[in-house]
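None of the figures in this text is laboratory data; all of them are computed from the coordinates on show. Keep in mind the model is a prediction, meaning the values are calculated, not measured. Here the Cβ is made from the backbone with ideal geometry for all residues, glycine too, and neighbour counts use every protein chain on show.
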Amino acid sequence: MMNKKVFYIIIGWCIIIIALVLYNIFPLLMGKEVLLEIRPVDPRDLLRGDYVTLDFNISHYGKYRLPYRDINVILKTDENNIAEIDFIVPQNSPGKEFKKELYLKGTVTRNRIKYGIESYFVKEKTGREIERKINSSSKSYARVKIAPNGKAKVIGLELNKEFNK
């Protein structure tokens, strides 16, 4: 018969593993889907395979210096579901009214905001082709699901997409 202590340790580890999986898929299950306009950076990593590093328009907030490191970026969407920055608040701000809004958690680094969704892995040997399409004159977008807690996942790319306004 298994010792009770070993049983509880195994159950504890199972709970931790399940919690980590649920935490990472939460945006996919509960998130609202939006489009974010992207700019390319680099298509390949020798160890991890082909991926596209995404540089979002909402990662650039202008020439102003943000006094906070951890922020919430409240988004507004247009009729085509393309999201843009509405306003920015610190993550520890006392007024949490914005929590009802669509927002992304971000970290300010130098002149950019990072959201943790800047890498998107693609099929082997397709990174250069995707980079070429993103570099074309047409706009490209990342299809992103954003959970109610501000965490997001990239679920696809919309390359060379034009919308009627």
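Could you grab me the full set of residues in region 111-165 that are polar (S, T, N, Q) and out of contact with any Lys or Arg (no Cβ under 6 Å at 6 or more places or on another chain)? I'd like the intermediate steps shown before the answer.
Step one: filter region 111-165 for residues polar (S, T, N, Q), giving 111, 119, 126, 135-138, 140, 149, 160, 164.
Those that are polar (S, T, N, Q) and out of contact with any Lys or Arg (no Cβ under 6 Å at 6 or more places or on another chain): N111, S119, T126, N135, S136, S137, S138, S140, N149, N164.
Looking only at region 50-80, which residues are among the charged types (D, E, K, R) and touching a helix residue (DSSP H, G or I) at 6+ places or on another chain (Cβ under 7 Å)? Show your work before the answer.
First pass over region 50-80, keeping only residues among the charged types (D, E, K, R): 50, 55, 63, 65, 69-70, 76, 78-79.
D50, the sole residue that qualifies.
Among the residues of region 114-142, write down those that are touching a residue at least 60 places away in the same chain (Cβ under 8 Å) and loosely packed, with under 15 Cβ neighbours inside 10 Å. Outline the logic, then answer.
Let us first name the residues in region 114-142 that are touching a residue at least 60 places away in the same chain (Cβ under 8 Å), namely 117-128, 130-131, 134-135, 139-142.
Answer for region 114-142, where residues must be touching a residue at least 60 places away in the same chain (Cβ under 8 Å) and loosely packed, with under 15 Cβ neighbours inside 10 Å: S119, F121, K123, E124, K125, T126, R128, N135.
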